[in-house]
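A short reminder: the numbers here are calculations on the coordinates, not readings from a lab. What you are looking at is a predicted structure, and each value in this text was computed from that prediction instead of being measured. As a convention, Cβ positions derive from the backbone with ideal geometry for all residues, glycine included, and neighbour counts pool all protein chains shown.
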Amino acid sequence: MFTMKKINLTGAASIVSSIANTALVLVDTGNGLRTRLSPQLLEEIGNPEKVEVLCVDDSIVILPAREGNKALEVKKGRYLYDTQLAATIAKLAGINFEERVANGESKSVSVGTYEIGTSDDDDSIKLAIVSFDTTE
């Protein structure tokens, strides 16, 4: 027989990392960088076939493509094929793939966390605001 012990969990912190709101994965293919959207992010903005990616301060905003705006097609595997976009994200996230490869690190890295918001001019448009913590 055993006795039940009560433990106060107030202030306890998880030691298991959560990728629940990880926004993106950058992948070095050897021929360039690719951006992969997380399945959760894509689902939360409505699983669009095309997205707009905008830079706002030190964050990016990802939203379903609007008529008349530049957009990227979400390809198989949730990939966005745009080298400039991937380079911008790597810079914002403080990722240097040349150093990673030289150090024998993985050629892919999860970057950014996101929050869901709406557009000031249209509450029906859900968008993901991706921020990057470069202090790690």
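Listed values for region 76-91 are Karplus-derived 3J(HN,Hα) couplings in whole Hz (6.51 cos²θ - 1.76 cosθ + 1.60, θ = phi - 60°), namely 3, x, 6, 8, 10, 9, 8, 4, 5, 4, 4, 5, 5, 5, 4, 5, and x replaces Gly and Pro. When you count the other C-beta atoms within 10 angstrom of each residue and take the mean per peptide, 100-111, 54-65 line up highest first as 54-65, 100-111.
Can you give the net charge of the other residues whose Cβ lies under 13 Å from the Cβ of Leu92, counting K and R as +1 and D and E as -1? My count for the surroundings of Leu92 gives -2.
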